[in-house]
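For reference, the structure is listed below as structure tokens.
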């Protein structure tokens, strides 16, 4: 089963988003330190155009933005063990030269 999953990911979920330099906010850095948050899990999802918990409209906007060279927004719910923070956002700049990971509350 693992081999099949790896094959499918390799063949059908190739990374299709260029992040450029990746920056994290101080709030995300604190969660990485205090709660062992791994933001690269969410970057991996964004790399294959899994935008997380966004509206259908935002998914369509992201598809258009990728084609037109505009900013892209992804949002992911955080695990329950992380108190007081509900979501993480990834903002990919229009130039694709930089990506910022922030808390939705920042």
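Summary of values
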{"read-out": "Residue 63 vs. criteria at pLDDT below 95 and loosely packed, with under 14 Cβ neighbours inside 10 Å", "value": "yes"}
{"read-out": "Residues satisfying the stated conditions in region 43-84, i.e. touching a helix residue (DSSP H, G or I) at 6+ places or on another chain (Cβ under 7 Å) and more than 15 Å from residue 16 (Cβ to Cβ)", "value": "52, 71, 73, 76, 81, 82"}
{"read-out": "Residue count for region 43-69, restricted to those that are closer than 19 Å to residue 101 by Cβ and assigned to a loop (DSSP other than H, G, I, E, B)", "value": "6"}
{"read-out": "Cβ pairs under 9 Å, 6+ apart, first in region 14-38 and at positive phi and in contact (Cβ under 8 Å) with a residue 40 or more places away in the chain, second part of a loop (DSSP other than H, G, I, E, B) and loosely packed, with under 12 Cβ neighbours inside 10 Å", "value": "20/95; 20/97"}
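The values are calculated or read from the model by the stated rules, or taken from the named source; none is laboratory data. Every value quoted in this text rests on a predicted model; they were computed, and no experiment measured them. All Cβ positions, glycine included, derive from the backbone under ideal geometry; neighbour counts span all protein chains shown.
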